[in-house]
Structure formats: C-alpha cells, structure tokens
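So the structure is just underneath, and the comments pick up after that.
The values are calculated or read from the model by the stated rules, or taken from the named source; none is laboratory data. Not measured: the values here are computed from a predicted model. Note: ideal-geometry Cβ built from the backbone for every residue, glycine included; neighbour counts use all protein chains shown. Only protein heavy atoms, including side chains, enter the accessible area calculation; ligands, DNA and RNA are left aside. Shrake-Rupley method; radii C 1.70, N 1.55, O 1.52, S 1.80 Å.
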Amino acid sequence: MSKYVMALDQGTTSSRCIIFDHQGKIIAKAQKEFQQIFPKPGWVEHNPLEIWSSQLSVMIEAQALSNIKAIDLAGIGITNQRETTVVWNKETGKPIYNAIVWQCRRTAKMIDKLKTDGLEKKVIETTGLIPDAYFSASKIVWILENVDGARKLADEDKLLFGTIDTWLIYNLTGGKVHVTDYTNASRTMLYDIKNLCWDKELLEYFKIPYSMLPEVKASSCIYGYSKEGILGGSVPVCGAAGDQQAALFGQCCFEAGEAKNTYGTGCFLLMNTGKKMYHSKKGLITTIAASNEKEINYALEGSVFAGGAVMQWLRDGLRMIKNAPESIEYALKVKDTNGIYLVPAFTGLGAPYWDPYAKGTVVGITRGTSKEHFVRAALESIAYQTNDVIQAMLEDTNINLSCLKVDGGASANNFLMQFQSDISNCFVYRPEIIETTALGATYLAGLAVNFWKSKEEIKNNWLLNQEFKPVMKIEQRAKLLEGWSKAVRFALMWKDI
Ligand code: ADP
C-alpha cells in the first residue's frame, strides 16, 4: 500500500516538489529556481525545457532525501503558474519558442483590437474572464504569427499548445498524453466555462487550430502514468489545478460561500460559488474551481496587485524595515496610523477598480507622522485592498463571508491578520500548513486513486494554527473604511490632475 503523494508545484520563479503523507504532513521538500527572461521591457519568458528540467531535478531530490521509492507513491499531483503558454512540435516534442509568461504584456494591443472588434461581451459571457493579455489566447496567437514556420506547422496539425500543467504531464508521460484540467482551461480565454468545451467562435477569431488544444479533463482523475525511468517505476499522474484553485482546494473550501485569500506578492481571493456561476458586476473573474468528473464547481476571483510587495518596497525601496516580519514591531508601537493612508497602486489597481493608470498615493501626512505610522499604514493597505474584494464578492453574490482562510508568505503576519479580521468583520483562520497550493494538488491526486476516500476525510487534515476574531467597534470600522475609500479616490484621480 503506497503511503505518500507527490506534489509538483511549478511556480513563476521556482519549481518545487513536496511529498506528503496521509495526514497531509510534509515528508520531503525540494526547490529550484530558474531563469527569468526579459527580452524587452514588459516581456517575460521562461525556457520550457528549463521548467521541465528543474521540475524533474526537484522530484528526484525530494525522492532521494526521503528515500521514497516509486512504489511508495500513490500518485502525482500538479499545480502550476497559470496562463503561461507553451507551444511545441508534436513530432519532436520540442518547444518552438520560449514559454510566454502570464505577466508578459506583449499582446496588449491585440486585446485592444479584440475590444474594438466588439468581442469583449462575448469573452466575458463565454469564458468568465475580462479580456486581457494576461490570459493564454493572445500569447498563442503571438507565437503563431511571429515564430518562423509556426503557422505552416499549425496548419499541418503538427503543433501542440499547453499551459504548464499540460507541458509537465506531456513530459512526465513520455509524450503520450496531451491534456489539461478545467481550472487551467478556464484561464486560456478560449474555454466555454458553461458548456465545458473550447469555443469555436473564439478559436476562429484568433485563428487557433482546434488540433493544437489539449483534451480537458477533471482536476482529479488519472491522466496517465509517469515514464518508468523518471522515478524508478511508473506512478499515476492524477491531479492538476492552477495554483489559486489548488490553494482553494488545499484550504478545504469545498462548499459554496467558502473563501481563501493568499497573501503573496499580490493577493488572490477566491470564493467557491458551488454549481452557480456568478457574472460579476464588480470586476471579479468567474472561473472553474477544481472539479471532479461528476460535478463542476465555480469560483469568483479577485486579485490585488500589491500585497506582500508593499513590504518589499518598504524594505528595498524605502529601506524603512530590514525584513518583512519586522513590520509588526513598528505597527504595534503606535495605536493607529494617525490618519494616514497608503494606497499601493504601484501598477494600477486590480479588483474591483481595474484601473491600470491609478498611482500609488499617501494621504493625511502631518508633522506628527512617523515611520511607525507609515509602516502600519502599509500593512493596513493590504487588508483594505483585500476587504474591497470581499465587499465586491458580497455585492455580486449576496453571500456574507463568515470566515476567511488565509495562506501565503504575508499571512504569517499576526498584526495584518487581526486587522483583516477587524476591518472585514469576519473570522480569519490560518492553517498549520500554509503550503496549501501543493497540498491542494496532493489532495486532488490522492482522491483520484482512493488514497483519500472523500473530501470529508481530507477535511480532518485541516488543522488550525491561529484564529483571529473581529473586535473592532462598528463606528471605528466605518470611520476607517470611509478614510480608505477617500484615499482610493485620490489614487484613481491622480492621472486626471
Ligand atoms: P510569492 O508566492 O508571491 O512569491 P510568498 O507566498 O512566498 O509570495 O510570500 C512572499 C511575500 O510575503 C513577500 O512579498 C513578502 O514581502 C511578504 N511577507 C513575508 N513575510 C511577511 C511578514 N511577516 N509580514 C508581512 N509580509 C510578509
């Protein structure tokens, strides 16, 4: 009887492998960074072969560190940076160009054209996404139009497209399997999330041949088996989900109305909306949550561009703090921000404002403003922005969030978590294991091979590290929120002055 599940966590800056046991405990872990390629300002690429080789090496490292054999592994689950696009030759298995990374802005004009061509509504209604260069569709088009010979190969049905999950599964299975899961398909801007099929009209518009696209499967099912030579035996590859959906699953947000927020460089808040697909009026994205073969679950997603990044800015840009954890000491030295607000719109504002031109703003400064107030305002800004997303979700769904599960690097900050609880008037729960992304992929894989029998069984693994409960008075909350919304107005207005 196999005792472990292996998770491949293929992120934007590193590839990681974690081996978990039946209780969801980490047994072994290995991580390797890979090169970020910036050919021009605003362009971001990765070498797909380096992604594969770094992933392969951490798998073997984790296996060697724990002395776990292929036979001890019940399955492999994959979670990945989303939207990043790889196109490769079906006959040779070789990429025809670097992977174009989700952050890459090279196709922004293509999206402007899509809007003037009148397709914005179609995209929103069919794919649940707001048209943007961020998603895979325009990146595939760029490769077909700009790589020598690509169009001809595509017309001859000789090219394959995949997001990173697809690329890894293809390589793990020795080129035998070309699949993706619902969550990753729903980030391509080509997938009809209601009828669960690639959308013909969008494919025609973008001139992307159907033959390039992977088969879309459940997030938890056996896609294929790893090639014998890789782990010293064949292991089922049986779980896949994009990183944010994997974290939602890893946090055991299985029921409609349950939500998680990941406090990383940016923040990603996802709420499971069950079988119901909400079309947001508040700039949130509708996406498919990790789903099995029997039932599709949807989620609403809102992103905050500058989350933990605000702490990096205080540390590296302003040199106000030595490291992120130190921010707590400063924040707790004062009883409030003395009326100042920082709106960290460094790269515009995300949901619910979606304004790429908004600028970072600090308001309310007086002679009495100290570094402590500033650091506190920076931390609070992460919670205010998250709260804006929570409120947008409330308005879209009428679901009042009773609790928020948290993870990501900045969720370690107790001051921030308490302020989040206070300002959003909801309980905040931080689990023991904040590696929820990898854990989600593990659970999906484990469920597919009966390593875990049910979601109920998995829920027992979710252990609380700390609970934060709201203690702020109503009037105080209202006053602070009023100040924040005034400050945001300044950030939005700045460009017009
Ligand atoms: P990512 O996956 O986006 O790289 P992580 O989940 O690793 O992000 O979290 C790193 C981010 O969290 C950084 O932006 C860092 O500034 C922030 N961070 C880490 N520890 C703390 C802390 N104790 N308080 C506030 N922010 C923190």
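Structural remarks
- Separation of the range 171-203 and the range 353-378, taken as the distance between their Cα centroids, equals 42 angstrom.
- Only protein heavy atoms count here; on that basis, with a 1.4 Å probe, Phe34 has an accessible area of about 20 Å².
- Each other residue within a Cβ distance under 9 Å of Ala345 adds +1 if Lys or Arg and -1 if Asp or Glu, for a net charge of 0.
- A full extension of the chain between Thr347 and His22 corresponds to an added length of 112.8 nm, given 0.36 nm per residue minus the alpha carbon distance.
- Trypsin sites (Lys or Arg not before Pro) lying in DSSP loop within the range 53-129, provided at most 10 other Cβ fall within 10 Å: none
- Rounded tilt (10° steps) of 414-424 against the dominant C-alpha axis of the chain: 80
- Annotation: amide H of Gln466 within the under-5 Å range of Arg430, sequence separation 5 or more or interchain, hydrogens built in the peptide plane.
- Summed residue charge, Cβ within 12 Å of Ile399's Cβ, Lys/Arg positive, Asp/Glu negative: -3
- Rolling a 1.4 Å probe over the protein heavy atoms of the range 4-234, with every protein chain left in place, gives an accessible area that is 51 percent carbon and sulfur.
- Principal-axis tilt of helix 371-397 within the chain, Cα atoms, nearest 10 degrees: 60
- Among Ile433, Ala378, Thr286 the positive-end extreme of the charge dipole of the chain (Cβ point charges): Ala378
- For Leu300, net neighbour charge (Lys/Arg +1, Asp/Glu -1) across residues whose Cβ lies under 13 Å away: 0
- Length gained when the stretch Lys69-Ser454 is fully extended (0.36 nm per residue, less Cα-Cα span): 136.1 nm
- Counting only protein heavy atoms and a 1.4 Å probe, the chain has 41 square angstrom of accessible area per residue.
- Near Ala289, the amide H atoms lying under 5 Å from its own belong to Asn297, Tyr298, Ala299; only residues 5 or more places off or on other chains count, and H is placed 1.01 Å from N.
- Taken one residue at a time, the phi angles of the range 304-315 give Karplus couplings (6.51, -1.76, 1.60, θ = phi - 60°) of 10, 6, 10, x, x, 4, 4, 5, 4, 5, 4, 7 Hz. Gly and Pro are set to x.
- Subtracting the Cα-Cα distance of Leu394 and Lys152 from their residue separation scaled by 0.36 nm leaves 82.3 nm.
- Spin-label model distance (nm) - Asp316 vs Glu255, 7 Å beyond Cα toward Cβ: 4.2
- From phi via Karplus (6.51, -1.76, 1.60), per-residue ³J(HN,Hα) for the range 441-453 in Hz, x at Gly/Pro: 5, 5, 4, 4, 5, x, 5, 5, 10, 6, 5, 10, 7
- Shown is the FRET efficiency for Lys275 and Ile222, computed with R0 = 25 Å from the Cβ-Cβ distance and rounded to the nearest 0.05: 0.50.
- Put simply, when 267-277, 181-191 are sorted by average Cβ atoms within 10 angstrom per residue, most first, you get 181-191, 267-277.
- Annotation for the range 361-459: trypsin sites (Lys or Arg not before Pro) lying in DSSP loop with at most 16 further Cβ atoms inside 10 Å of their Cβ are Arg367, Lys453.
- Peptides 163-175, 328-340 ordered by packing proxy, namely the average of other Cβ atoms within 10 Å per residue, highest first: 163-175, 328-340.
- Derived scalar couplings between HN and Hα for the range 33-39 equal 7, 9, 6, 9, 10, 10, x Hz in order, rounded to whole Hz, by the Karplus curve 6.51 cos²θ - 1.76 cosθ + 1.60 (θ = phi - 60°), x for Gly and Pro.
- Between the beta carbons of Arg367 and Lys294, assuming R0 = 45 Å, the FRET efficiency works out to 0.10 to the nearest 0.05.
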